[in-house]
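So the structure is just underneath, and the comments pick up after that.
The values are calculated or read from the model by the stated rules, or taken from the named source; none is laboratory data. A quick note: this is a predicted structure, and the numbers were derived from the prediction, not measured. Positions of Cβ are generated from backbone atoms using ideal geometry, with glycine treated the same way; all protein chains shown enter the neighbour counts. Note: accessible area is taken over every heavy atom of the protein model, side chains too, but ligands, DNA and RNA are not part of it. Shrake-Rupley method; radii C 1.70, N 1.55, O 1.52, S 1.80 Å.
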Amino acid sequence: MEPMPPHAMTRILPFRPAAGRLRIALLLVFAIAPPAAQAMAPLAAQARAPQRRHVFGNPNVWQYAPSRAYHVENYRIRLKIDEARRRIAGDEVVTLRPFAGDFQRFYLNSSGLAIHGVELLPAHGAAIPLRFRRADPKLWITLNHPYAGGQVLRVRIAYSGAPNGRGLTFIEPSRRHPHLHEVWSYGWPENNHYWFPCWDYPNDKASSETIITVPAGQSVVSNGHLARVTRGRGWVTYDWIESVPHTSYLVSIAAGPWRKVAEHLGRLPVDYYVPPYVSRRRALRSFGLTPDMIGFYAHVYGVPFPYAKYAQVAAHHFGGGMENISATTLTDTTLHSARADHDFPSTELVAHELAHQWFGDLVTERSWAGVWLSEGFATYSAALYLGHHDGVDAYRYQIWKDQNAARSRDLDFWRRPMFDRHYTRPWGIMGATTYQKGAAVLDMMRYVLDRERAPAVASPREPFFRSLRHYLETYRGKNVDDHDLMAAIRQTTGRDLAWFFHEWVYRGGFPQYRVQANYDAANGQERVRIVQTQRPTAVTPIFRMPVELAFYGAGGQAKTQVVMDRSPRQSFVVRLGFRPRFVAFDPNDHIYKTLDFLQPVASLAAEAETAPAMMTRLWAAQQLGRAKMATRQAAVAALGVVLARDRFYGVRQIAAASLAELGGRKAEQALLANLAQPDSRVRTAVVTALGRFRSPAVYAVLRRELRQDRSYAAAGAAAWALGKDHAPGAFALLDAALQGHPNRHVLPGLMQGLAATGNAKAKPMLERLAANSTGMAHYIALRLLHRPIGPPR
């Protein structure tokens, strides 16, 4: 899953986050803030003090995986779906083996289901009726006599129910789609027992068969390979078999009038199921990179795709994505036009959910306390694929954004370890500490294991990826804990990373570095002083990390040295044959941290314009946005050069944000001069930055961008900026745009802009949107209504 409630989209009936849980909490952040604003939010985040933190979960609660008396080997689920009545009728056979003798009474998880009968199916002879008792969320079953440990038992359960919204959701026709009927499951974390009795916790794995009967004209996508399809009397039955053991939350069905778009990777079927009105071209725009992603993950992780096929279903009102084994379900809103594709691609969501097929499905955390082993890996893998597809700078930029999201969660909500048993409900442990910090920690792990190759494109020969191959092969089809990952690394590389896990997995926070660098010309050496300013607590340690220092001279000289920082205060002396023009601390930004490193504006300008590492240039562009008044014009001039010329779009985005921070006429002119940038992501950043300026020229540009820019992101940013700055006539302009049925990608900016005007008429407009809309518009409107909407300032 991805953070939304994260690895990323909305849902209806009822609203719960989805996998790659890339899911709604996150989604709301992304939907309300334009893409450029998301990238630029970290400008202030590193500098500000922590807010008063909440306490995570309940410190007095310790959550452990429940003990099992048996192992389930197989679920055979026969289900008939009555879409008109929104009901199901089930006939299930659970094959299990008890661990010990004298086994007679046990339970399966079951909620809201009417149980009509339970019987034991012996190897020979007639079925034996069994006594049972419902004690929601458990179905207690008593066998006819005690059985020995290891004996195979087949228990049949007949049941029915109306589980709409819990585990199984029915989507009905709408005015826009009058013939639409869909039924889809969402099992995470413990929802599948609302539509079939099961052991509904991740610490057991079984194979499965789903035999699903739906009205003729519908098709069903489920797990594994399609064994047969039978038709008759107005019904059709699909029989899917998944032989690779998996936890129960990964069992899934998605029934609907799907159009199948078929591709292959070698002999592996790669299929996309979309609503019938969606063209093949539109489906491929969102999912067409999937075969390349599968090939990349199989190569870098060293383990071929483990299942008989990979399917993706685009379902209505589904939130984000859910990594069901071999059959991911995603929101239909990930299907978009060519115009939207550059600013709102599906790449990250699709890559995140696909990565779960290895991390989360093939190898699964034993308890929810270790869910970062799924979500952190999926978030990290999506960043890896961006690096493969778009270049190493794209990978580093994504990891930087992950660091920022994790740091904001730490500063504004709570500081906690990634592995944490104090959650009250499984959903509580989801969020940036699990997803994005997980990705950042894995990036650091790779760096610690092989500092030479860490900045480069991922290679299966690296110690980190060799360790992951061993991890996946060793625990294939099994449950894992953090120590299993540690053991795989130790067995592959000989490196014991217990210290690393102690700091980054079992403790919270991050190093807050304050750095000073001074050149001693007489001795030709640089003295670098590193102070960790965070206050050590039971949760927050003093961190031990290798830190790369890079020195660059005015004549092109360069030297890099790695030092091991492990104390609250340390000084290091580096011999140089030149006076540094600038010094870069952790130039590729491998360390999840904050950094206070004051340098002259001239040094920062040289760093922003000439540093070879993209993250060094980005950091320097950030720092220039904090220049004091005496050096502000020099900073503006340097940022203007960076905005116009840097080869990576993310650095140009940050240059635009820093110009907005500095303000003034020259900064405004530099931004206006870059409105014609061909990359819409940079253009959106420029429009967002212009929202900090108030002049007739800026207002005219924002109105033009709202009406004419081909980028939905830029248009949405213009709407937000117009409302935020109370531009003359802003409310009327935004109101007219809203009445014109704007594209869903522009709508968040319009709603945000209307709310920001402070006009009293905005509140009833948002209330109507909340009452009459579904999906993202509904949730954005609700979120905005929770904020004060008062008279203009």
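Accessible surface ranking for 695, 174, 1.4 angstrom probe, highest first: 174, 695. Taking all protein chains as shown and a probe of 1.4 angstrom, residue 480 keeps an accessible surface of around 0 Å².
Here, P(r) means the percent of Cα pairs in each 10 Å bin from 0 to the largest distance; for segment 464-595 it is 11, 32, 27, 20, 8, 2, 0.
Listed values for segment 462-473 are Karplus-derived 3J(HN,Hα) couplings in whole Hz (6.51 cos²θ - 1.76 cosθ + 1.60, θ = phi - 60°), namely 5, x, 4, 6, 5, 5, 5, 4, 4, 4, 5, 6, and x replaces Gly and Pro. Estimated from helices alone, the mean residue ellipticity of the chain at 222 nm is -10500 deg cm²/dmol (sum of -39500 (n - 2.57) over DSSP H runs with n ≥ 4, per residue). Across segment 177-194, coupling constants 3J(HN,Hα) worked out from phi with the 6.51/-1.76/1.60 Karplus curve, θ = phi - 60°, read 10, x, 10, 7, 9, 9, 9, 9, 9, 9, x, 6, x, 9, 10, 5, 6, 7 Hz, and Gly and Pro carry x. Between the alpha-carbon centers of segment 154-194 and segment 283-357, tell me the distance in whole angstrom. Each part reduced to its Cα centre gives a spacing of 22 Å.
Computing log10 I(q)/I(0) by the Debye sum over Cα atoms at q = 0.07 Å⁻¹ directly from the structure and comparing it against (1) -0.54; (2) -0.65; (3) -0.83 singles out (1). Using C-alpha pairs below 8 Å separated by at least 6 residues, the relative contact order for segment 439-520 is 22 percent.
Computed 3J(HN,Hα) for segment 702-717, one whole-Hz value per residue from the Karplus formula 6.51 cos²θ - 1.76 cosθ + 1.60 where θ = phi - 60°, is 5, 5, 5, 4, 4, 8, 10, 5, 5, 8, 4, 5, 5, 5, x, 5, glycine and proline marked x. Projecting label points 7 angstrom from Cα along Cα→Cβ for residue 520 and residue 265 puts them 5.5 nm apart.
The alpha carbons of segment 298-407 stretch over 41, 32, 29 Å along the principal axes, in descending order.
Solvent-accessible area assigned to carbon and sulfur over the chain amounts to 51 percent, based on a 1.4 Å probe.
Between segment 80-148 and segment 444-494, the alpha-carbon centres lie 41 Å apart. Solvent exposure of residue 121, expressed as accessible area, is near 40 Å², computed with a probe of 1.4 Å over the protein chains only. Over all other residues within a Cβ to Cβ distance under 15 Å of residue 262, the charged ones net out to +4, with Lys and Arg as +1 and Asp and Glu as -1. If Lys and Arg each add +1 and Asp and Glu each add -1, what is the summed charge of the other residues whose beta carbon sits under 15 Å from the beta carbon of residue 310? Result for the local shell: -4. With the whole protein complex present, residue 132 retains an accessible surface near 80 Å², based on a 1.4 Å probe.
Local charge sum around residue 668 (other residues, Cβ-Cβ under 14 Å, Lys/Arg +1, Asp/Glu -1)? Residues close to residue 668 contribute a combined charge of +3. If one puts a single equal scatterer on every Cα of segment 479-546 and applies the Debye formula without solvent, what log₁₀ I(q)/I(0) results at q = 0.19 Å⁻¹? Debye curve over Cα of segment 479-546, log10 I(q)/I(0) at q = 0.19 Å⁻¹: -0.83. Alpha-carbon geometry of segment 599-685: the Rg and the Dmax are 11.4, 34 Å, given in that order.
Per residue, the chain exposes an accessible area of 38 Å² to a 1.4 Å probe, with every protein chain left in place. The distance linking segment 509-541 with segment 610-685 is 27 Å (Cα centroid to Cα centroid, whole angstrom).
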